[in-house]
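We did not get these values from a lab; they are worked out from the coordinates using the rules stated. None of the values given here were measured: they were computed from a predicted structure. Heads up, the Cβs are rebuilt from the backbone with ideal geometry, glycines too, and the neighbour counts pull from every protein chain shown.
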Amino acid sequence: MKRTHYEDTNLHQLAILSKSIGHPARLMILKTLAEKGGWVEGEIVSIPDVAPTTVIQHLRELKRVGLIKGRIFGAQCKYGLNEEVLELFQKLWSEMMGSIQPPSSTS
């Protein structure tokens, strides 16, 4: 299978970030972190109906793409939102959505 090389690195980065939040538990983790002031220390955030081990897997993915930073394992865990990457994501998303023009209605 041939891989496609995307010239636009912004689109590629936006796709990676979008894919990483493509699960409701990951969105809930980001929301929960924001509600806790952006950072937690010494605990794994609790997500209803999601086992702590599954939350850790989702935290790993969010950290891998840079949406969160810090240490997510062990008694010394301290992790939180990566504001720079979240701002970049918001900027890239806004630019992308601004470039998509809905079809004009011809009533």
If one compares the long axis through the Cα atoms of helix 9-20 with the longest principal axis of the Cα atoms of the chain, the angle in degrees, nearest 10, works out at 50
Checked segment 12-95 against the a/c 1.5 cut and the a/b vs b/c comparison, axes a ≥ b ≥ c from its Cα gyration tensor; verdict prolate
Restricted to pairs 8 or more residues apart or on different chains, the lysines in segment 12-95 with C-alpha atoms under 23 Å apart form a number of pairs equal to 15
Expected sort for 84-97, 16-29 on mean C-beta neighbours within 10 Å, highest first, is 16-29, 84-97
Expressed in nanometres to one decimal, the distance between label points 7 Å along Cα→Cβ at R64 and H23 is 0.9
Given a Förster distance of 41 Å, the FRET efficiency implied by the Cβ-Cβ spacing of W39 and D8, rounded to the nearest 0.05, works out to 0.80
By the mean-Cβ-within-10 Å protection proxy, highest first, 36-49, 60-73 rank as 60-73, 36-49
